[in-house]
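Asks: Dumping the structure here so I can ask a few things about it.
The values are calculated or read from the model by the stated rules, or taken from the named source; none is laboratory data. As the structure is a computational prediction, the values presented were derived from the model and not from experiment. No Cβ is skipped: glycine too gets one built from the backbone with ideal geometry, and neighbour counts run over all protein chains shown. What goes into the accessible areas is simple: the full protein's heavy atoms, side chains included, and nothing from ligands, DNA or RNA. Shrake-Rupley method; radii C 1.70, N 1.55, O 1.52, S 1.80 Å.
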Amino acid sequence: MKVELAKTAGFCFGVRRAVDTVYEQAEKHQGERIYTYGPIIHNEEVIQDLRKHGVEVIGEEKDLDRIKEGIVVIRSHGVPQVVCKKIEKKGFTCVDATCPFVKKIHKIVAEESAKGSHIIIVGNSEHPEVEGIRGWAGNDVTVIQTAEDARDFRLEDAGQKVCIVSQTTFNYNKFKDLVEIISEKGYDIIVLNTICNATKERQEEARRIAKRVDAMVVIGDKRSSNTQKLFEICKEECLNTYYIQTLDDLDMNQLRSVETVGITAGASTPNNIIEEVQNYVRINF
């Protein structure tokens, strides 16, 4: 069997930076309480390992009221401005591990909102990155995820400017389609493609590989937005596409009758998990 591993599989810059930051804090401040505001990344194996190093996850703003002291690391997805202010007000040591590309979006929406623009965030409203971006965009903001959302969008003031940004891990082609629908409404819009280049490259490579293999394996946490997008893209090109979190999820029978297998992984998937799956498939099929 021929196995093709995507060169872009695994940790992206922002994720690696965030994970390294937490481990550095745990090593530097042994004996002190280390918290991450939300899971530092969407990968349960990484979270469990950090827990072994004494790092605790706090999930909501109200959780800040139950801790007295310690170091709070802001997750890679970022947080709303109100959370940053509360951490500062309570006097915790704050270490910001927000992905720099996400921080850039925070700055954009805050500035455009201050100018009076209506902010449109293209993304999943329930994803923590989008929740964070929304928290920097003021009150005049809309989240759009589907073509129906785009078609239903209306401004009360037709003369108001509109600023469109995207969740960094959104599907690039879908982003273009949604922007086109909104553009047809005739509003005065500025479009800023804030999809991370690494995300776009990962999606494009996954699509190319999926087109030429008999089966495709996509590795990543079920909560990972960028991994879900990879799965959708690969499934469009290769019907035999399988979404797994670890090697334990791989059904060996699904690959026995194929000659070529492609493997890719989301931006929050550790290299050791990718290597374990790749080596197992090479040896056993």
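Asks: Which helices (runs of 4 or more DSSP H) does region 47-157 wholly contain that include 2 or more residues that are touching a His at 6+ places or on another chain (Cβ under 7 Å)?
Replies: Hits in region 47-157: 128-134.
Asks: Restricting to region 97-115, count the residues that are surrounded by fewer than 18 Cβ atoms within 10 Å (Cβ to Cβ) and either touching a helix residue (DSSP H, G or I) at 6+ places or on another chain (Cβ under 7 Å) or closer than 28 Å to Glu24 by Cβ (or both).
Replies: The number of residues fulfilling the criteria is 4.
Asks: Suppose we filter region 169-182 for residues that are among the aromatic types (Phe, Trp, Tyr) and in a helix (DSSP H, G or I); how many remain?
Replies: Count: 2.
Asks: Which of the following residues is hydrophobic (A, V, I, L, M, F, W, C), in contact with a strand residue (DSSP E or B) (Cβ under 9 Å, 6 or more places away or on another chain), under 24 Å from Gly135 (Cα atoms) and crowded, with 20+ Cβ neighbours inside 10 Å: Val15, Val55, Val73?
Replies: Answer to the selection: Val73.
Asks: Confirm whether Asn284 is open to solvent by 70 Å² or more (accessible area, probe 1.4 Å) and under 22 Å from the mean Cα position of the chain (by Cα). Give the derivation first.
Replies: Working: open to solvent by 70 Å² or more (accessible area, probe 1.4 Å): yes; under 22 Å from the mean Cα position of the chain (by Cα): no.
Against the criterion (open to solvent by 70 Å² or more (accessible area, probe 1.4 Å) and under 22 Å from the mean Cα position of the chain (by Cα)), Asn284 does not qualify.
Asks: May I pose another question? Somewhere in region 74-93, is a residue free of Cβ contacts under 8 Å to residues at least 40 places away in the same chain and in contact with a Ser or Thr (Cβ under 9 Å, 6 or more places away or on another chain)?
Replies: Yes, region 74-93 contains at least one residue that is free of Cβ contacts under 8 Å to residues at least 40 places away in the same chain and in contact with a Ser or Thr (Cβ under 9 Å, 6 or more places away or on another chain).
Asks: If you don't mind, another one. Name the residues in region 30-46 that are among the aliphatic types (A, V, I, L, M) and not in a loop (DSSP other than H, G, I, E, B), would you?
Replies: Ile34, Val46
Asks: Pairs needed: first member in region 191-211, over 30 Å from Glu112 (Cα atoms); second member anywhere, among the small types (Gly, Ala, Ser) and open to solvent by 10 Å² or more (accessible area, probe 1.4 Å); C-beta distance under 9 Å; at least 6 residues apart or different chains.
Replies: From residues that are over 30 Å from Glu112 (Cα atoms), the pairs are Glu205/Ala9; Ala206/Ala9.
Asks: Follow-up. Restricting region 241-285 to residues that are part of a helix (DSSP H, G or I) and free of Cβ contacts under 8 Å to residues at least 24 places away in the same chain, which is farthest from Cys12 (Cα to Cα)?
Replies: Asn253
Asks: Restricting attention to region 197-240, report how many residues are among the hydrophobic types (A, V, I, L, M, F, W, C), closer than 30 Å to Ile105 by Cα and outside any strand (DSSP E or B).
Replies: 6
For (1) farther than 15 Å from Cys84 by Cα; (2) touching a Leu at 6+ places or on another chain (Cβ under 7 Å); (3) open to solvent by less than 60 Å² (accessible area, probe 1.4 Å), each residue gets a yes or a no:
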{"site": "Glu27", "(1), (2), (3)": "yes, no, no"}
{"site": "Gly31", "(1), (2), (3)": "yes, no, no"}
{"site": "Thr36", "(1), (2), (3)": "no, no, yes"}
{"site": "His42", "(1), (2), (3)": "yes, no, yes"}
{"site": "Arg51", "(1), (2), (3)": "yes, no, no"}
{"site": "Gly59", "(1), (2), (3)": "no, no, yes"}
{"site": "Ile67", "(1), (2), (3)": "yes, no, yes"}
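Asks: Let me ask something else about it. Answer yes or no as to whether Lys185 is in a helix (DSSP H, G or I) and either of a type in the set (Lys, Arg) or modelled with pLDDT under 95 (or both). Full working, then the answer.
Replies: Working: in a helix (DSSP H, G or I): no; either of a type in the set (Lys, Arg) or modelled with pLDDT under 95 (or both): yes.
So Lys185 does not fit the description; no.
Asks: Looking at Val15, Val55, Val73 in this structure, which one is under 15 Å from the mean Cα position of the chain (by Cα) and aliphatic (A, V, I, L, M)?
Replies: Testing whether each residue is under 15 Å from the mean Cα position of the chain (by Cα) and aliphatic (A, V, I, L, M) leaves just Val15.
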